[in-house]
Amino acid sequence: MDEVKRCEIDPSASLVLQNKKSETIQSHVKAKKYLPLSVRQERPKAIAWLIREYGKILTDTQIAKLTSSTKPTVANIRAGNQSQPITEFRNPTDLGLCTYEDLESVVEKGQRKAERDQKAKDKAAKQQSSI
C-alpha cells in the first residue's frame with residue numbers, strides 16, 4: 001500500500017514489486033476438492049499404511065485429518081472390522097490425500113507426544129518405586 005501511495009503522489013514514478021511480501025502470502029485454507037471414485041476406494045489402503053507405519057504414534061483423529069476420512073472409519077480399519085481385508089498398503093502422499101510436509105509435521109507432533117507420555121510414565125514409576 002505504501003508503494004501505491006508513493007506512485008499516487010508522484011505520477012512519473014512506477015510501481016516496484018516487493019518480493020518479500022508476495023512470497024509470504026499463502027493460502028492456508030484447504031479448499032474442498034472433488035475426489036475421484038478411484039482415490040476414494042484407495043483411501044482405506046492409505047489409512048492401513050499409516051496405521052502400519054505410525055500406529056503407535058498417530059491417533060485416529062490425526063490419521064482421519066490426513067486422509068480426509070472419519071474417526072469411525074479409521075477405528076474400524078485399525079480393529080480389522082472392514083468388509084474386505086486390506087491386502088495392499090499405499091502411501092497417502094502417493095495417492096494425493098495429503099502432502100509430504102503435512103505427513104511429516106503430524107508424525108513429528110506424534111513423536112513429541114509419545115516422548116512426553118513415556119517421560120511421564122517413567123516419572124510416575126520412579127515415584128511409585130521410591131515410596
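Read-outs throughout are calculated quantities, based only on the coordinates presented, and are distinct from any laboratory measurement. These numbers come from a predicted model, not from an experiment. We place every Cβ from the backbone using ideal geometry, glycine too, and count neighbours over all the protein chains shown.
Longest span of the chain, sites excluded, free of trypsin sites (Lys or Arg not before Pro) in DSSP loop with at most 15 other C-beta atoms within 10 Å?
The segment 57-131 is the longest one with no such site.
Could you calculate the contour length gain from residue 87 to residue 126, that is, 0.36 nm times the residue separation minus the distance between their Cα atoms, to one decimal place in nm?
Length difference between fully extended and current span is 9.8 nm.
How big is the charge dipole of the chain about its Cα centre, in debye rounded to the nearest 20, if each Lys and Arg gets +1 on its Cβ and each Asp and Glu gets -1 on its Cβ?
The calculated dipole for the chain is roughly 720 debye.
Restricting to DSSP loop positions (anything but H, G, I, E, B) with no more than 16 other Cβ atoms inside 10 Å of their own Cβ, which GluC sites (Glu not before Pro) remain in the stretch 75-131?
Answer by residue number: 88.
Among 68, 128, 80, flag the residue with its Cα farthest along the positive direction of the charge dipole of the stretch 37-130, charges on Cβ as +1 for Lys/Arg and -1 for Asp/Glu.
128
Tell me the angle of helix 37-54 to the major Cα principal axis of the chain, expressed in degrees between 0 and 90 and rounded to the nearest ten.
So the helix axis and the longest Cα principal axis differ by about 60 degrees.
Determine the alpha carbon to alpha carbon distance for each of 56/119; 65/123; 65/113; 56/113; 56/126; 45/113 and list only those over 21 Å.
65/123; 56/126; 45/113
For the chain, with a Gaussian network of springs between Cα atoms less than 10 Å apart, report the residue from 111, 84, 62 with the top mean-square fluctuation.
Looking only at 111, 84, 62, the largest GNM fluctuation is found for 84.
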